[in-house]
Amino acid sequence: MAEILRLNKAKIGSLSNVVLLTTMFLVVVFPNTFRGIKVGLFGLLFLYIHSYFFKMPKKVSTVYLAGIIITFIYLFVGLSKAQKPLDSTPQVILVYILSPLFWLLLSLYVIKNFSINAIIKILNVYAIAGSITVLIAIWLYNHGYKEILDYIIENPNQAFTEAGVTGIRLNVYGSLVFLFPASLQLSYKFKGIKFIFLTLLILIIAIVSGRDSLRLSVLIGLFMLVVLNRGVPVKYSVYIIPAIFVFLLILDYYGISISNTMSQFVDKIEAGGGTERTDQYYYLLEGIDNNHLLGSGHGVGVSLVRSPDYPWRYELLSVATIYRVGIIGFLVYALPAILSTITFIKKFFTNSNTSYDNYFFAGLISLCVASFTNNYFESFEFQWGYFFVFIYFIFYSNKTASLKQNFTG
């Protein structure tokens with residue numbers, strides 16, 4: 001950790017940076033948990049970073065303003081039809097106005113005060129810490145300490161079928177969906193054995209998690225590793241067979257069947273995420289058609305209700321967003337991802353993309369793909385990656401040399 005902190009451009013011992021690192025550790029490793037503590041930390045951070053509102057690049061402020069306009073228009077459109085407007089309105093304002101503002105300002109602060117080396121090293125620490133919490137949670141559950149997990153997640157549970165398919169319910173998977181595929185892009189920066197160790201850890205956690213979105217993110221990360229780097233380095237070939245052997249040996253020791261796990265995963269992908277999500281798709285599609293792609297308004301749901309407390313929410317976030325704010329509103333909300341993708345593609349085809357570009361782009365793509373079947377972006381604590389990547393590509397769209405540093409894992 002000391003090495004990480006020395007890479008900071010600012011004085012890391014300052015209260016603001018201590019609060020920042022503590023807050024982001026809790027956000028990434030323990031999302032949707034310890035919220036009483038986090039509220040105080042968020043307040044302290046906002047007091048320190050609020051001045052960055054006046055330092056926003058024009059492109060960033062324009063995208064943010066467009067999002068505000070769309071949000072208020074469709075809040076007004078949906079007000080008369082919303083099932084629970086007193087509940088949905090403040091949540092929409094938090095998710096689509098206040099939360100993006102906070103993460104944009106914090107991203108600006110981080111980009112201006114930390115080196116990219118430091119940022120990625122810190123995120124790697126968080127990724128490993130998040131992975132360890134999964135293993136600890138499994139151990140606690142299996143040894144009769146389920147009550148400890150109650151502090152981390154509501155109604156913790158674990159499944160282990162006779163077919164050797166396992167899974168445990170945790171919130172950290174939303175963070176790992178970004179961090180796992182991103183970390184896999186660092187093959188050229190890590191020394192061989194460290195990269196293989198990291199890959200083994202990622203594969204094991206993906207299998208034992210039971211979360212299809214996390215498993216899919218790992219496949220996306222591996223695919224992008226090969227494509228973005230135009231092939232995997234030959235030097236890793238000597239590690240691949242032993243690594244696969246160790247991977248299978250560990251899973252077999254704990255009675256986990258990789259073949260049955262992947263078979264179930266493929267079946268669920270083919271089924272569109274399961275019956276519940278398939279039903280949502282058809283109901284939302286019907287709603288989109290009835291509104292002629294113009295949007296029904298924020299806070300409005302279809303006749304299929306997934307949650308009595310939040311009748312306007314659905315796991316199929318991308319389709320649900322088109323239903324609420326129409327195709328134009330969807331594109332406005334997607335502008336950070338669209339602009340980041342355009343920048344990355346330009347760098348890729350001019351052969352000026354760096355491992356850092358690959359890192360953040362892989363995380364972004366995986367997070368966006370996961371949003372098709374998970375409403376991660378409707379949670380304040382899962383938006384950080386989306387907006388940070390946008391700020392990163394705004395600042396480093398034409399800066400290749402400044403990123404070509406000697407990174408060692």
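Observations on the structure shown:
- As a summary of the residue check, residue 34 satisfies the conditions (1) out of contact with any Gly (no Cβ under 7 Å at 6 or more places or on another chain); (2) surrounded by fewer than 19 Cβ atoms within 10 Å (Cβ to Cβ); (3) at negative phi except for the one numbered (3).
- Looking only at residues in segment 158-174 that are at pLDDT below 80 and not in a strand (DSSP E or B), the one that is farthest from the chain's Cα centre (by Cα) is 162.
- Matching residues in segment 323-353 - criterion: being modelled with pLDDT under 90 and in contact with a helix residue (DSSP H, G or I) (Cβ under 7 Å, 6 or more places away or on another chain): 353
- Screening 49, 97 for residues that are surrounded by fewer than 17 Cβ atoms within 10 Å (Cβ to Cβ) and either part of a helix (DSSP H, G or I) or out of contact with any Gly (no Cβ under 8 Å at 6 or more places or on another chain) (or both) leaves exactly one candidate, 97.
- Within segment 326-353, the set of residues being over 20 Å from residue 372 (Cβ atoms), β-branched (Val, Ile, Thr) and without any contact (Cβ under 8 Å) to a residue 40 or more places away in the chain comprises 342, 345, 350.
- Hey, residue 136 hydrophobic (A, V, I, L, M, F, W, C) and buried (at least 20 other Cβ atoms within 10 Å of the Cβ) or not: no
- Residues of segment 12-34 satisfying the condition of being among the small types (Gly, Ala, Ser) and in contact (Cβ under 8 Å) with a residue 12 or more places away in the chain: 16
- Single unsatisfied condition, residue 129 versus (1) under 20 Å from residue 62 (Cα atoms); (2) surrounded by fewer than 18 Cβ atoms within 10 Å (Cβ to Cβ): (1)
- Matching entry among 323, 359 (being free of Cβ contacts under 8 Å to residues at least 60 places away in the same chain and in a helix (DSSP H, G or I)): 323
- Unmet requirement for residue 78, which otherwise passes all of (1) at pLDDT 90 or above; (2) of a type outside the set (D, E, K, R); (3) surrounded by fewer than 17 Cβ atoms within 10 Å (Cβ to Cβ): (3)
- Scanning segment 139-157 for residues that are among the aromatic types (Phe, Trp, Tyr) and either surrounded by 18 or more Cβ atoms within 10 Å (Cβ to Cβ) or part of a helix (DSSP H, G or I) (or both) gives 139, 141.
- Scanning segment 223-241 for residues that are at pLDDT below 75, part of a helix (DSSP H, G or I) and not hydroxyl-bearing (Ser, Thr, Tyr) yields a total of 5.
The values are calculated or read from the model by the stated rules, or taken from the named source; none is laboratory data. From a predicted model like this one, the values you see are computed outputs, not experimental measurements. Every residue, glycine among them, receives a Cβ derived from its backbone with ideal geometry; neighbour counts consider all protein chains shown.
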